[in-house]
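Written out below as structure tokens is the structure these notes cover.
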Amino acid sequence: MSIPVYRPTLKRRDMDAVLTCMVSDEIGPGSLADQFSKELSKYLNKKNGAAMRSPAEALAVLLKSLELPEGSRVAISALSPLFYLDALDMLRLTPVFVDVEESSACMSEAAIEKALEGEIAAWVLHEPFGISVASDAVIESGLPIIRDVSSTAVSLREREDDGADAYTLIRTEYCDPITTGGGAVVLAGGVKYRRQIKPLLEELTMEMLMPDINAALGLVQVQTAEGLHSHRAEIYDLLAQGLMKSKHRSFSSGSGEEGVVPTAFPVVIDTGMNEVRQYALKNGVQTENAFASSPYARLQPEEIDCPVAASLALRTILFPLYPSMGRKNTELLVRVLSTLP
């Protein structure tokens, strides 16, 4: 059996929490969903918000609270998750695609400056592979910032908050560091934004809120997040050392940032993607196209006009990286990465 790209690290007590929820008849939205959002807000030193069933609806609620006129232009990375477009479509807002740095897959400073030449109403910052977007130009623009920290949540805990963000979004899907099996948590920034979003959160229907059975899993995930992160970091270092022996590379924050650990190991291919993926699978390792679920899955490259992002979308694949991988599988991955064609 080949090694899958993603595998949630679930222990017996994780499942015990879910079973306890089931026997207590609190499967739908309830107290555990509220508790989960509070624990996550405390973990990240943020203000409480809400746990929701859908990442797209969660982002749409944040955008709606900004009271942007229909057609307003919202800046997003050209490599953002596809649900960003769904959220913008819900509110009839216009995406402005921002190109990225070759080294990090984060928005580039030059592309940010170019976007600011137009009429931008807000930013939604996607932080890929555990790398934070740190741009003075974005902050100094004075525009509302929605920061998606889904992949950086664990490493952000000890980082100082500059208070510039209007809202924080944490997706909790199966591929995220803190998973509930599906959904997202929204957290507000300062007093102004807490007031703006409060009435919208109070209006959320039962169908939009995260079920308690999912939140029960999330609560345990928050408690074990740092330990799992440390274990993943150890495996990441081994994989990175193996990749250095090949002609391919991974991503770097470019800022000396410590604690950057993705939930899957990205490799930017210097040759054909299919050749590398077939080689990995032949050796018992599954891979995925890193940006298969990005705007490029729905739009043509010329509609986005971001050449660096378009190139990375065609050349980046994900290898497995999870705490329960085990020594044998880790050694296999290191061998495969060091001998990639």
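May I ask you to verify whether E302 is of a type outside the set (A, V, I, L, M) and either open to solvent by less than 20 Å² (accessible area, probe 1.4 Å) or in contact (Cβ under 8 Å) with a residue 24 or more places away in the chain (or both)?
no
Name the single residue that is nearest to M208 (Cα to Cα) among those in the stretch 162-185 being open to solvent by less than 10 Å² (accessible area, probe 1.4 Å), in a loop (DSSP other than H, G, I, E, B) and not β-branched (V, I, T).
So, considering only residues that are open to solvent by less than 10 Å² (accessible area, probe 1.4 Å), in a loop (DSSP other than H, G, I, E, B) and not β-branched (V, I, T), the one nearest to M208 (Cα to Cα) is G183.
What is the residue count in the stretch 113-145 for residues that are within 17 Å of V74 (Cβ to Cβ), touching a Phe, Trp or Tyr at 6+ places or on another chain (Cβ under 9 Å) and not in a loop (DSSP other than H, G, I, E, B)?
Qualifying residue count, the stretch 113-145: 5.
In the stretch 322-334, is there at least one residue being at pLDDT 95 or above, more than 19 Å from the chain's Cα centre (by Cα) and among the basic types (K, R)?
No, every residue in the stretch 322-334 fails to be at pLDDT 95 or above, more than 19 Å from the chain's Cα centre (by Cα) and among the basic types (K, R).
Results for (1) crowded, with 24+ Cβ neighbours inside 10 Å; (2) modelled with pLDDT under 95; (3) under 13 Å from I304 (Cβ atoms), shown as yes or no for each residue.
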| position | (1), (2), (3) |
| --- | --- |
| P69 | no, no, no |
| L82 | no, no, yes |
| A87 | yes, no, no |
| R92 | no, no, no |
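Collect the residues in the stretch 105-127 that are surrounded by 15 or more Cβ atoms within 10 Å (Cβ to Cβ) and at pLDDT below 90, keeping them in residue-number order.
Across the stretch 105-127, the qualifying residue is only E127.
For the stretch 266-295, how many residues meet the condition of being polar (S, T, N, Q) and either without any contact (Cβ under 8 Å) to a residue 24 or more places away in the chain or outside any loop (DSSP other than H, G, I, E, B) (or both)?
The number of residues fulfilling the criteria is 3.
The values are calculated or read from the model by the stated rules, or taken from the named source; none is laboratory data. All figures in this text were calculated on a predicted structure; none of them were measured in a lab. Using ideal geometry, Cβ is built from the backbone for each residue, glycine included, and neighbour counts are taken over all protein chains shown. Surface areas here come from the heavy atoms of the whole protein model, side chains and all, with no ligands, DNA or RNA. Shrake-Rupley method; radii C 1.70, N 1.55, O 1.52, S 1.80 Å.
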